[in-house]
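A short worksheet on the structure shown next.
The values are calculated or read from the model by the stated rules, or taken from the named source; none is laboratory data. The model shown is predicted, which means the values in this text are computed figures rather than measured ones. Using ideal geometry, Cβ is built from the backbone for each residue, glycine included, and neighbour counts are taken over all protein chains shown. When the accessible area is computed, the model is the full protein with side chains, heavy atoms only, and any ligands, DNA or RNA have been set aside. Shrake-Rupley method; radii C 1.70, N 1.55, O 1.52, S 1.80 Å.
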There are 2 protein chains.
Amino acid sequence: MNTPSSLESLIEALRCLPGVGPKSAQRMAYHLMQHGRPGAQRLADALQLALAALRHCQRCNTFTESETCVRCLSSKRDASLLCVVETPVDMNMMEQTHAYSGLYYVLMGRVSPLDGIGPGELHLDRLLARCGDGVVREVIIATNFTNEGEATAHYLSEMLRSRGVSVSRIARGVPVGGELEYVDAGTLAQALRERRPVAG
Amino acid sequence: MNTPSSLESLIEALRCLPGVGPKSAQRMAYHLMQHGRPGAQRLADALQLALAALRHCQRCNTFTESETCVRCLSSKRDASLLCVVETPVDMNMMEQTHAYSGLYYVLMGRVSPLDGIGPGELHLDRLLARCGDGVVREVIIATNFTNEGEATAHYLSEMLRSRGVSVSRIARGVPVGGELEYVDAGTLAQALRERRPVAG
């Protein structure tokens with residue numbers, strides 16, 4: 001094909017990005033070299049910087065540039081509540097609700113046997129140590145309501161309850177603003193099963 | 001959001017990739033930092049290497065690491081034929097046909113007024129100089145059959161013919177193996193209009 005080796009290497013390297021196959025990688029490489037050289041330089045620099053600077057918060061496991069992240073160091077948060085989420089993005093979503101003032105633990109993944117990720121790969125020992133520190137009173141599990149998220153929630157709640165920790169799960173049901181006509185049957189069935197008494 | 005600045009910079013830098021919006025960039029950045037650090041390092045290195053090594057062939061304008069690419073230097077190619085394509089990928093597609101032994105000129109783009117790319121942005125002076133070197137007898141225009149590709153072909157053929165260069169365009173029509181029932185009407189109309197006499 002007479003493709004220069006540095007171009008071949010770049011195409012190959014771009015395939016480490018999630019969702020990028022051979023065709024996309026080729027398109028990205030040609031675009032970067034033809035129209036996006038300043039952007040390519042910025043990307044190379046940003047990758048180097050992030051690799052050097054980013055690590056995991058020793059308390060909540062999210063990405064941070066210091067040993068402990070700003071949120072964990074804040075004295076304004078309720079340290080007796082611990083919310084377990086799958087990713088830093090999920091943590092940001094929880095924060096956007098302005099309905100939670102406790103702390104977090106970020107799993108950085110989920111139990112997913114098909115991808116070879118069992119409970120062992122999630123390093124849950126740190127979460128366990130955190131829950132047993134005498135400060136945490138309630139653990140709120142906010143993993144996704146996907147199969148993997150539910151399996152993770154099940155595993156975590158079994159593990160924590162056997163150690164005497166109080167565990168809760170965020171509610172499933174009809175979304176706010178949702179119309180029954182357009183909600184899927186599974187969600188509606190759950191909303192029915194998990195109905196709550198109306199305070200009178 | 002308390003996102004570390006090096007992570008913010010990485011998310012921002014990933015948006016220089018074509019087809020990558022804010023959500024994808026975030027997903028890519030988290031993935032790279034959580035599960036793909038060796039890949040991220042390889043990508044940073046490959047970008048640096050490609051930026052340093054890649055340039056345009058002075059004859060055909062494709063990407064190369066030397067002044068003139070291997071194909072242009074080859075004595076086995078017919079230098080009297082010059083095929084004009086939009087991208088290096090298109091050149092590779094032409095090569096895969098094993099039906100062409102001439103040389104190429106890669107536009108590295110197409111006339112696309114909506115994207116602000118006029119004939120001036122394509123640096124056609126080098127193509128013109130090439131066509132007027134006395135060696136090239138026929139220029140075969142193999143730009144895409146999209147609106148932009150057709151506009152580019154039209155512009156090129158006008159420009160070259162006014163300078164007395166013999167210009168041709170690759171054929172439009174029903175694809176090999178194609179059934180009339182499943183070919184779109186526009187293609188079929190073109191195939192009818194551009195019908196060829198059958199050698200008897």
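List of remarks:
- Alpha carbon convex hull of chain B, volume per residue in cubic angstrom: 216
- Accessible area of A:ILE170 in the full protein assembly, 1.4 Å probe (Å², nearest 10): 60
- Value at 222 nm in deg cm²/dmol, rounded to 500, when DSSP H runs of n ≥ 4 in chain A each add -39,500 (n - 2.57): -13000 deg cm²/dmol
- Cα-based helix-to-principal-axis angle, B:5-14 vs chain B, degrees rounded to 10: 10
- Measuring from each Cβ of chain A to the axis carrying A onto B, the nearest residue and its distance in whole Å come out as A:ALA44, 2.
- Spin-label zone in the stretch B:16-44 - amide nitrogen under 16 Å from a point set 7 Å from the Cα of A:ALA52 along the C-beta vector: B:41-42, B:44
- Each listed q (0.13, 0.14 Å⁻¹) maps to a log10 I(q)/I(0) for the stretch A:86-200, found by the Debye formula over equal Cα scatterers with no solvent: -0.61, -0.70.
- With protein chains left intact and a 1.4 Å probe, residues in the stretch A:79-169 average 48 Å² of accessible area per residue.
- Percent of C-alpha pairs per 10 Å bin, the stretch B:5-53, short to long: 26, 54, 20, 0
- Across identical copies of the chain, A:GLN96 has label-point separations of 4.0 nm, listed in ascending order, with the point defined 7 angstrom from Cα along Cα→Cβ.
- Label zone (B:ALA99, point 7 Å along Cα-to-C-beta; backbone nitrogen cut-off 12 Å) within the stretch B:162-196: B:170-177.
- Gaussian network model of chain A, Cα within-10 Å springs - most flexible of A:CYS57, A:CYS16, A:CYS83: A:CYS16
- Accessible surface ranking that places the most exposed of B:LYS23, A:LYS76 first, with a 1.4 angstrom probe: A:LYS76, B:LYS23
- The largest accessible area among B:THR187, A:THR97 belongs to the first residue in A:THR97, B:THR187, and the rest follow in falling order (1.4 Å probe, all chains).
- Between copies, the label points of B:SER168, set 7 Å from Cα on the Cα→Cβ line, lie 7.8 nm apart, reported in increasing order to one decimal in nanometres.
- Between A:HIS123 and B:ALA189, the simple label model (points 7 Å from Cα in the Cβ direction) yields a spacing of 6.3 nm.
- Note on the stretch A:128-200 and the stretch B:164-200: Cα centroid distance 62 Å, given to the nearest whole angstrom.
- Percent of beta bridges antiparallel (DSSP, the stretch A:48-200, rounded to nearest 5): 20
- Other copies of B:ARG55: label-to-label distances in nm, shortest first, labels 7 Å along the beta-carbon direction: 4.3
- GNM top mover of B:VAL84, B:VAL176, B:VAL139 - chain B, alpha-carbon springs below 10 Å: B:VAL176
- Among the protein heavy atoms of the stretch A:79-169, carbon and sulfur supply 54% of the accessible surface, probe 1.4 Å, non-protein parts ignored.
- Point-to-point label distance, A:VAL70-A:ASN144, nm (Cα→Cβ direction, 7 Å offset): 2.7
- Cα centroid of the stretch B:100-119 to Cα centroid of the stretch B:17-62, whole Å: 24
- Rounded D (µm²/s) - the stretch A:99-157, Kirkwood Rh over Cα pairs, Stokes-Einstein at 37 °C, 0.692 mPa s: 266
- The protein assembly as shown: equivalent-ellipsoid semi-axes (sqrt of 5 x gyration tensor eigenvalues, Cα, Å): 57, 27, 17
- Considering only A:ALA13, A:ALA40, A:ALA151, the Gaussian network model of chain A with Cα springs below 10 Å gives its largest mean-square fluctuation to A:ALA13.
- The angle separating the long axis of helix B:37-53 from the principal Cα axis of greatest extent in chain B is about 50 degrees.
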